[in-house]
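Read-outs: derived from the displayed coordinates by stated rules, not from any lab. The model shown is predicted, which means the values in this text are computed figures rather than measured ones. Reconstructed Cβ throughout: ideal geometry from the backbone, glycine too, with neighbour counts over all protein chains shown.
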Amino acid sequence: MFSYLIRRVVSGVVVLGIVSAIVFGIFFILPADPARLSCGKTCSEELIVKIRHTLELDQTLPVQYGRFIKGIFVGRTYLGGTEAELNCSAPCLGYSFQTDQPVTALLKDRLPATASIAFGASILWLLIGLSSGIVSALRRGTWVDKMSQGVALGAASLQIYFVGLVLQFIFVNKLAWLPTPGYSSPFQYPLDWAKQMALPWITLAFLLSAIYSRLTRAGMIEIMGEDYVRTARAKGLSNRTINLKHTLRGAITPIVTVFGLDLGGLLGGAVITEYVFNIPGLGKLSTDAVSNLDLPVIIGTVMFSAFFIIIANILVDLLYAVLDPKVRIQ
Amino acid sequence: MSNFLEVKDLSVSFPTEDGLVKAVDNLSFSLEKGKTLGIVGESGSGKSVTSLAILGLHKGSTAEVTGEILINGQDINSMPENEVRLLRGNLMSMIFQDALAALHPYYTVGNQIAEAYLVHNKVSKKVAKERAIEMLDRVGIPEPKKRVDDFPHQFSGGMRQRAMIAMALSCNPSLLIADEPTTALDVTVQAQIIDLLRDLQKEFNTSIILITHDLGVVAETADDILLMYAGKEIEYGTVRDVLQKPQHPYGWGLLTSIPRLTGDPNKNLLAIAGTPPSLISVPSGCAFHPRCSYVTQVGSACSSAIPELLPIHSGAHHLVRCHLESSVREDIFRTQVEPSL
């Protein structure tokens, strides 16, 4: 088990390395000149040469990449040995062309808002998706099932920017029940945090609970036909025990898998949700960086999302071992 | 002695898109305490559907069940689900064909046996686990204290079937239905399981319904035998009567198709021609007539009228559903069937 974990972590690191190389390569092949982008409006040829030297853009691509990687692990120093020496401690992802802030600081700054959206919404969609899926499966073919699956299909077809804006119009602009969505620290202002996050949570959960409802329903119906559920009935167990213990336990594995990957993906930035509600999270950071061609920030956010997806994958695999005794024994 | 189990005019039908499928049609049989009834038939003959009906497991499905299933005089079929549930696993229980599929893959064997005991007995989890260990020991699992925490996939095929039996017997049921308990097992393991069932039956005075298509197993264990074809019983009597002097052409076919060590290796086996009918379009009259070699001896009745289930002679407990005259049947049996048995 332990060696398995080590192997997974090592392969995760390798994947991250590949992702970084690809992103790094693509952006430095782009026709846009990073030095010019970094230079701003009052720019001269002289300044560009200087910036090029400062950002070490005058080095070859492999050297640049090597220093970039070195920066992540041990930190790096720009303009070493001069007066303007700049120490970027590990993990160093460089500086934003736009704001000159270290990318790592930006990421750290934006993570709480994204994490708030991801965790809050995931609790909501799990609750709604699982319960409606279970009810649908148990009442298969009745109007309850048809209605809930109809709503689920509708919800899954609607887009976040539609649902989000409609909800915001109703609850913020018309009814004024909720403040304009945004982010405040859950530790300092827990109530404000919850109120401001409510709409992003509901919007995201609206879409995802529909998917989870259908997934749960399908899984439950499949397992209900299994021999071991018939055995459970033959033992004289109550319907409650049969459905919630034996059937749900059999159906939960694929749901956990998808959940892990969804959560991992969201932690890298709930791009559309953040954009719609103007929430300063990682998704907003990356869209802003893309529109400004802020290369270090783009690389940083891409690697950060890749990092979360890889971690989520490893956790899902570990969870498999907990959920499925056959995997555990091997 | 009054019968512990009485099944009267049991019919089970399932509505399908192609119409109502009669999986079991007017079935009647009885079983005394401590005795074994073998129900034999091909796939789709209604054996398993019958056994599920006795456990009341069609309740809550689309199946229509009519008739009476009396256990100790209580009618299972008219009883509400919440009352039948308390009898399942307690008064009557069932072991299934494929133990690997019938055991939950994510719970330990001990957990599953203890659960069966806990649901009908007000005891602590610890006591229930001890009961599980005791039952595993009773069905011959070595080192039961260690194996109780194993998962089903860590058991061998034979051990899994033993664990199923342990689970089914954990509440000392009066009736055990074994649905092809040995089909998925090696021949040597089959014999062990059958021996185990026999021992346990003696010990607990359990009545057993053994569902199988293996005549050898029935001959070894059952007291009575019920032959089913297309949802109907076609021959019913003691094992001695039915296996030594079968009266139905289907029974003849079954018995003469068994290869024998003493037989001539160059002689072809007498297989029954054709295939079992689909329940959606059961042949008119006697459902077996398209495959029967003796239709010419009766005439049109075979394809137009369903023969009644009648004693082979007045007062006999050996019942058969066939249009052949009993004298003709005797004659065919003596001249054509007996020599090849």
Once both labels are modelled 7 Å past Cα along the beta-carbon direction, what's the A:ARG249-A:ALA218 spacing in nm?
-> 2.5 nm
Tally Lys/Arg at +1 and Asp/Glu at -1 over every other residue whose Cβ is under 12 Å from the Cβ of B:GLU330; what's the total?
-> 0
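Using alpha carbons only, what's the Rg to Rh ratio of segment B:87-217 with Rh from Kirkwood?
Values: Rg = 13.5 Å, Rh = 14.5 Å.
Ratio value, two decimals: 0.94.
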Please report, in debye to the nearest 20, how large the charge dipole of segment A:103-326 is about its Cα centre when each Lys and Arg carries +1 at its beta carbon and each Asp and Glu carries -1 there.
-> 940 debye
Straight-distance crosslink candidates among lysines, where the alpha carbon sits under 17 Å from B:LYS33 and sequence neighbours closer than 8 are dropped = B:LYS202
Mind checking which of A:ILE22, B:VAL49, A:ILE69 is farthest towards the positive end of the protein assembly as shown's charge dipole, using Cβ charges of +1 (Lys, Arg) and -1 (Asp, Glu) about the Cα centre?
-> A:ILE69
Integer Hz, Karplus 6.51/-1.76/1.60 couplings in order for segment A:94-106, x for Gly and Pro = x, 10, 5, 5, 7, 10, 6, 7, x, 4, 4, 5, 4
If you look at just the Cα atoms of segment A:199-330, how large are its Rg and its Dmax in Å?
-> 19.7, 65
Specify which residue in the list A:GLN98, A:THR54, A:THR231 is farthest towards the positive end of the charge dipole of chain A, using unit charges on the beta carbon of Lys, Arg (+1) and Asp, Glu (-1), about the Cα centre.
-> A:THR231
Cα-Cα pairs above 39 Å in chain B: how many percent?
-> 18 percent
Go from 0 up to the bin containing the longest alpha carbon distance in segment B:1-93, width 5 Å each, and give me the % of pairs per bin.
-> 3, 13, 24, 26, 19, 10, 3, 1, 0, 0
Report, to the nearest 10°, how far helix B:187-204 tilts away from the longest principal axis of the Cα atoms in chain B, using its own Cα long axis and a range of 0 to 90°.
-> 70 degrees
Shielding by other protein chains, A:221-233, mean Cβ within 10 Å = 5
Evaluate peptide A:238-246: per residue, the Cβ atoms of other protein chains within 10 Å of its Cβ; return the mean as an integer.
-> 2
Lys pairs in chain A, Cα-Cα under 27 Å, at least 8 apart or on separate chains: how many?
-> 13
Order of B:SER278, A:SER305 from fewest to most other C-beta atoms within 10 Å?
-> B:SER278, A:SER305
Listed residue (B:ALA166, B:GLY274, B:VAL218) projecting farthest to the positive dipole end of the protein assembly as shown, Cβ model | B:ALA166
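Could you order the peptides A:176-185, B:296-305, A:129-138 from most to least packed, using the average number of other C-beta atoms within 10 Å per residue?
The densest-packed peptide leads the list: A:129-138, A:176-185, B:296-305.
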Which value results for Rg/Rh of segment A:103-326 when Rg is the Cα radius of gyration and Rh the Kirkwood radius based on the inverse mean 1/r?
-> 1.04
Roughly how many whole Å is it from the C-alpha centroid of segment A:266-330 to that of segment B:127-199?
-> 49 Å
If each residue's Cβ is checked for other Cβ atoms within 10 Å, how do B:MET164, A:MET147, B:MET228, A:MET303 rank with the fewest at the top?
-> A:MET147, A:MET303, B:MET228, B:MET164
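Net charge near B:ILE280: determine it from the other residues with C-beta under 14 Å of the C-beta of B:ILE280, scoring Lys and Arg +1 and Asp and Glu -1.
Values: positive: B:LYS22; negative: B:GLU17, B:ASP18, B:ASP25.
In short, -2.
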Using alpha carbon centers only, segment A:178-208 is separated from segment B:27-80 by a whole-angstrom value of 58 Å
Note: B:101-108 gets an average of partner chain Cβ contacts (10 Å, Cβ to Cβ) equal to 6
